[in-house]
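The values are calculated or read from the model by the stated rules, or taken from the named source; none is laboratory data. Note that the structure is predicted; figures quoted are calculated from it, not measured. Here the Cβ is made from the backbone with ideal geometry for all residues, glycine too, and neighbour counts use every protein chain on show. Accessible surface is based on the protein model in full, side chains and every heavy atom, while ligands, DNA and RNA are left aside. Shrake-Rupley method; radii C 1.70, N 1.55, O 1.52, S 1.80 Å.
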2 protein chains.
Amino acid sequence: MPSRMDPLSLEVVELIGTVVGRYYEEYERAAAEHSLTGAQARVLGLLALEPMPMRQIAQKLKCEPSNITGIVDRLEARGLVERRPDPADRRVKLAAPTPDGLTTATDLRDSLNFAREPLAELSADERTVLRDLLRRMLGA
Amino acid sequence: MPSRMDPLSLEVVELIGTVVGRYYEEYERAAAEHSLTGAQARVLGLLALEPMPMRQIAQKLKCEPSNITGIVDRLEARGLVERRPDPADRRVKLAAPTPDGLTTATDLRDSLNFAREPLAELSADERTVLRDLLRRMLGA
DNA sequence: TATTGTTATACTCTATAACTATA
DNA sequence: TATAGTTATAGAGTATAACAATA
């Protein structure tokens, strides 16, 4: 299995792959603790920042709009989200978290242990260095 | 939305979340280019490192063994993987990549652009720092 | 005509439980 | 009896295509 990438970059990519795997597991576990699927938790987390039209949720999640219908249906059936009419355009439905949904979204974020465990290994200075490197990588 | 985490750690976690999102998209895109689902690509990538029993694949992917049957079925139908008997235990089936599967796995890894784009922003020294910080975080 | 959200359909992934063939 | 792999089943996510209401 030869590769065209230099060993250093290759190792960084592998390490990032490991981070991705751990983060993903943590996210799914946190969602499951609230009896939510990963997709449901992602939509709820998005709406907790700002209510938005169904179509915009699909754009943010990079999936087809038709999928959002079912996910919001299930969140609505649990009383975590509601659909509101958009006064400006009667075709649009705005999805918004209920108070219960907002609480769940906050709980969900706080129960993401990922921050505590791997990050606790680093000093504040190291975290600053890491932050700056990640910002540069992501063009932020 | 109050949080109990300090702003620095919070930002690092958010940045890591962004990295996770981009990496995941890249992975799915690379898999789709080869007409594979993400799960199929992950199994193929695993077997490219080393053939292994069905049950061990499930352990590595942290899912139920029954799911692996279908994924390997589909990879086998495409001629990318084959099931071999284990001489030591006739209950066991070893899943192994075919030559075609090995080629696909290598192509797949090389077409993971994630390495080139975000990482290209960093100098070799910065990549070394990033590698060491990630190693520390992951306890490697 | 174009757009928003929905429905219908088909496929994949996932967990659970029951089955088979070995051990 | 215990284990490896499979099958059956049900729920969820996904893309595609077609549809109703509205713009």
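Numerical summary
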item	result
Per-residue ³J(HN,Hα) for the range B:42-49, Karplus 6.51 cos²θ - 1.76 cosθ + 1.60, θ = phi - 60°, Hz, x for Gly and Pro	5, 5, 4, x, 5, 5, 5, 6
Gaussian network model of chain B, springs between alpha carbon atoms under 10 Å - residue of B:Thr98, B:Thr37, B:Thr69 with greatest fluctuation	B:Thr69
Listed residues A:Val129, A:Val92, A:Val20, most fluctuating in chain A (Gaussian network, C-alpha, under 10 Å)	A:Val129
Integer Hz, Karplus 6.51/-1.76/1.60 couplings in order for the range A:7-18, x for Gly and Pro	x, 5, 4, 4, 5, 4, 4, 5, 4, 4, x, 5
Rotation relating A and B, chain B residue nearest the axis via C-beta, angstrom	B:Val20, 2
Hits among aspartates and glutamates - C-alpha to C-alpha of A:Lys62 under 14 Å, sequence gap 8 or more where chains match	B:Glu25, B:Glu26, B:Glu28
With Cα atoms, 0 to 90° folded angle of helix A:65-77 axis to chain A main axis	70 degrees
Å² per residue, accessible surface of chain B at 1.4 Å	55 Å²
Cβ-defined net charge surrounding A:Val92, 11 Å radius [Lys, Arg +1; Asp, Glu -1]	+4
Charge tally in the Cβ shell below 13 Å around A:Ala58, where Lys, Arg are +1 and Asp, Glu are -1, A:Ala58 excluded	+4
Other-chain or far-sequence residues with amide H under 5 Å of A:Val81's (modelled H)	A:Glu76, A:Thr98
Debye, to nearest 20: dipole size of the range A:36-110, +1 on Lys, Arg Cβ, -1 on Asp, Glu Cβ	260 debye
20 °C / 1.002 mPa s Stokes-Einstein diffusion coefficient of chain A, Kirkwood radius on C-alpha pairs, µm²/s	123 µm²/s
Computed helical MRE - 222 nm, chain B, DSSP H runs ≥ 4 contributing -39500 (n - 2.57), nearest 500	-20500 deg cm²/dmol
Alpha carbon centroid spacing (whole Å) that separates the range A:71-108 from the range B:32-70	36 Å
Estimated dipole of chain B in Debye, rounded to 20 [Cβ of Lys and Arg +1, of Asp and Glu -1, Cα centre]	680 debye
From phi via Karplus (6.51, -1.76, 1.60), per-residue ³J(HN,Hα) for the range B:129-135 in Hz, x at Gly/Pro	4, 4, 4, 5, 5, 5, 4
Shielding of A:108-114 by partner chains, average beta-carbon count, 10 Å	2
Amide hydrogen neighbours beyond the local backbone of B:Ala95, cut-off 5 Å, H modeled	B:Met52, B:Met54, B:Arg84
Listed residues B:Gly139, A:Leu108, A:Ser35: farthest to the positive end of the dipole of the protein assembly as shown (Cβ charges)	A:Ser35
Range in chain A, longest, excluding exposed trypsin sites (Lys or Arg not before Pro) [loop by DSSP; at most 13 other beta-carbon atoms within 10 Å]	A:5-61
Percent accessible area from carbon and sulfur atoms, the range A:7-138, protein chains only, probe 1.4 Å	51 percent
Protein accessible surface hidden between A and B, which excludes ligands and nucleic acids, total in Å², probe 1.4 Å	5000 Å²
Nearest-20 debye value, the protein assembly as shown charge dipole, Cβ charges on Lys, Arg, Asp, Glu	680 debye
Average partner coverage of B:22-33, which counts Cβ from other chains inside 10 Å	2
Within a Gaussian network of chain B (alpha carbon springs, distance under 10 Å), most fluctuating of B:Ala105, B:Ala120, B:Ala96	B:Ala120
